[in-house]
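Notes to accompany the following structure.
Just so it is clear, none of the values below were taken in a lab; they were calculated from the coordinates. Nothing here was measured: the structure is a model prediction, and the numbers come from that model. Ideal geometry is used to build each Cβ from the backbone, glycine not excepted, and the neighbour counts take in all protein chains shown.
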């Protein structure tokens, strides 16, 4: 069905005739008459009864009038919603975060964003950095906050927050009371690490390699998929873990875990806000990005 002809038919009925409809639509009466005739021909039914200057819809015309009203009402609603979405007044924002920033930074950032823009829904996905990269590449995420620098030419990454990796042991461990541990000592104790694909794991292994050391197979006793599992393993006396300082702030303050540093110096890193290169962010995503970068600079 030709929508322009339907609109002319609807306007003729709503305005009570061709004369007023032509004036409202800035068209000639013959143009409107021809459009209605062609619509009747297209549908195979008479839509209007023409009795002099009086125009009345037939039964078919009244039926079509009802549908036309719904159609054009939906069109107006769609146009209004699109304008609202373009203005960032509502919509759905899909974000991702690797384990540490996704657990310890993003929730408060999302909460602040929702206070500013309560009509925008936010979906937050938390997984490894590798999973975040995959989501960005397939346009399943607009933005992701990850804990490692990415060497991927398809992505754009902006540093925004700082973090430090530390060693943790349980109270009563042989290293309790010490402040610094030499890297060589790490190769002689049971060690717990995050899973492959984790930015924490990658940074730690790169640090060891840069100093000519590597993890021995018998040295690594557990690979776990989250920081809570790392902490519980250490508390249970399984060994030493490498973990983000953010992830154990509460336990350190309460004295439930002991923090140690490497003799060679602190192992610092940045968290990066990442998006696919060339991907046009929604207005909602642009606003969230601005919030994250502003908060990062303020710390």
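Below, the figures for the structure above:
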quantity: Mean-position separation - Cα centroids, region 124-159 and region 272-298, in angstrom; calculated: 12 Å
quantity: Radius of gyration and Dmax over the Cα atoms of region 70-188, both given in Å; calculated: 21.6, 76
quantity: Top of 16, 148, 226 by mean-square fluctuation, Gaussian network on the chain, Cα under 10 Å; calculated: 16
quantity: Cβ crowding within 10 Å averaged over residues, with 175-181, 234-240 ranked highest first; calculated: 234-240, 175-181
quantity: Tilt relative to the chain, helix 106-116 - C-alpha long axis, 0 to 90 degrees, to 10; calculated: 30 degrees
quantity: Spin-label pair residue 196/residue 154, simplified geometry with 7 Å Cα→Cβ offset, distance in nm; calculated: 2.0 nm
quantity: The chain - share of DSSP beta bridges that are antiparallel (%, nearest 5); calculated: 55 percent
quantity: Between helix 283-298 and the chain: long-axis angle, C-alpha atoms, 0 to 90°, nearest 10; calculated: 30 degrees
quantity: The chain, relative contact order in percent, only Cα pairs under 8 angstrom and at least six apart counted; calculated: 21 percent
quantity: Among 120, 258, 71, residue whose mean-square fluctuation peaks in a GNM of the chain (springs only between Cα atoms under 10 Å); calculated: 71
quantity: Kirkwood Rh in Å, taken over all unlike Cα pairs in region 3-86; calculated: 13.4 Å
quantity: Part-to-part distance (alpha-carbon centres) for region 1-43 and region 225-252, which is given in Å; calculated: 73 Å
quantity: Between 0 and 90°, nearest 10: helix 29-43 axis offset from the chain longest Cα axis; calculated: 70 degrees
quantity: Pairwise label distance in nanometres, residue 264 with residue 182, each label 7 Å out on the Cα-Cβ vector; calculated: 1.3 nm
quantity: Calculated diffusion of region 112-167, Stokes-Einstein form, Kirkwood radius summed over Cα pairs, 25 °C and 0.890 mPa s, µm²/s; calculated: 184 µm²/s
quantity: Overall Cα dimensions of region 163-268 - principal axes, largest extent first, Å; calculated: 35, 27, 27
quantity: MRE, 222 nm, helices only [DSSP H, n ≥ 4, -39500 (n - 2.57), over the chain, to nearest 500]; calculated: -14000 deg cm²/dmol
quantity: Per principal axis, descending, Cα span of the chain in whole Å; calculated: 104, 33, 31
